[in-house]
Amino acid sequence: MQFSLKFFFLFLFAILKSQNVDVFANISSELKETEIRIYKDRGITNIGNIFRIYQENKIWKAELIQWFLPKKISNDEFERIAPKLTVLKPDKSIEEIFVNFQARNINYLPKEETFEYKKTSNKKVVFDEDENEFVFQQQITSILDGTGYLVKYQAGKQKNEFDYSNPESYLKHYPGIDELKSFVDILKYIRKEFNIEF
């Protein structure tokens with residue numbers, strides 16, 4: 001029993017590493033010419049969410065896709081579960097909402113690595129007697145709980161892709177990080193305009 005459980009988790013890990021979650025969501029890995037996708041980290045559950053807003057054949061669409069990891073049938077058999085698609089109908093036009101994402105800099109937000117240095121505190125230079133030299137010392141806060149997001153953006157030839165781990169939690173600790181402020185503002189905007197928990 002313990003072996004089959006370990007095998008199952010190794011199998012799922014291999015699937016997730018080798019394939020994009022787009023497969024589970026039953027969508028193309030290629031973005032439309034004008035599209036924003038925000039993937040919400042599934043955490044420790046077997047369910048993930050993808051928020052999409054895009055233009056297709058001159059028609060604007062918005063949707064929330066809930067996808068599921070395959071269900072174990074037996075030790076060597078798994079069943080794929082169909083994703084749940086929710087068509088979103090906001091009060092404003094979807095095109096206006098898309099432009100509001102651009103106004104919130106979704107097309108320019110950088111990868112998290114570029115501002116990781118802003119998550120440090122108590123920076124100081126100290127003399128390390130063991131090394132017999134001055135060294136730079138800093139305190140880094142790591143937040144392991146919370147929700148991560150992956151963003152993919154395309155509008156014509158302009159593209160952007162970045163992911164932030166636990167942006168809302170980090171913003172509470174580091175309220176001066178503009179990149180986190182902008183992204184959390186985007187999340188709040190989605191929740192307000194589409195009246196969804198995301």
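Values for this structure:
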read-out	value
Residues within region 121-161 that are modelled with pLDDT of 95 or more and touching a helix residue (DSSP H, G or I) at 6+ places or on another chain (Cβ under 7 Å), tallied	1
Some residue of region 47-58 being under 16 Å from the mean Cα position of the chain (by Cα) and at pLDDT below 95	yes
Residue that is surrounded by the fewest Cβ atoms within 10 Å (Cβ to Cβ) [pool: residues in region 20-47 that are free of Cβ contacts under 8 Å to residues at least 60 places away in the same chain, part of a loop (DSSP other than H, G, I, E, B) and among the aliphatic types (A, V, I, L, M)]	44
Some residue of region 72-87 being more than 27 Å from residue 35 (Cα to Cα) and either in contact with a Ser or Thr (Cβ under 7 Å, 6 or more places away or on another chain) or assigned to a loop (DSSP other than H, G, I, E, B) (or both)	yes
Residue under evaluation residue 176, criteria (1) in contact (Cβ under 8 Å) with a residue 40 or more places away in the chain; (2) surrounded by fewer than 10 Cβ atoms within 10 Å (Cβ to Cβ); (3) part of a helix (DSSP H, G or I), criterion not met	(3)
Close pairs (8 angstrom Cβ cut-off, 6 or more residues apart or separate chains): of a type in the set (A, V, I, L, M) in region 70-93, surrounded by 11 or more Cβ atoms within 10 Å (Cβ to Cβ) and assigned to a loop (DSSP other than H, G, I, E, B) anywhere	81/69; 81/70; 82/26; 88/196
Residue within region 141-154 that is farther than 26 Å from residue 22 by Cα and in contact with a strand residue (DSSP E or B) (Cβ under 9 Å, 6 or more places away or on another chain) present	yes
Selection count, region 135-173, where residues are surrounded by fewer than 17 Cβ atoms within 10 Å (Cβ to Cβ) and of a type outside the set (S, T, N, Q)	17
Some residue of region 180-194 being over 26 Å from residue 87 (Cβ atoms), out of contact with any strand residue (DSSP E or B) (no Cβ under 6 Å at 6 or more places or on another chain) and modelled with pLDDT under 95	no
Scope region 85-106; condition surrounded by 11 or more Cβ atoms within 10 Å (Cβ to Cβ) and in contact with a helix residue (DSSP H, G or I) (Cβ under 8 Å, 6 or more places away or on another chain); matching residues	88, 90, 97, 100, 101, 104, 105, 106
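The values are calculated or read from the model by the stated rules, or taken from the named source; none is laboratory data. Treat the numbers as computed from the prediction; the structure is a model and nothing was measured. Please note: Cβ atoms are built from the backbone with ideal geometry, for glycine as well, and neighbour counts cover all protein chains shown.
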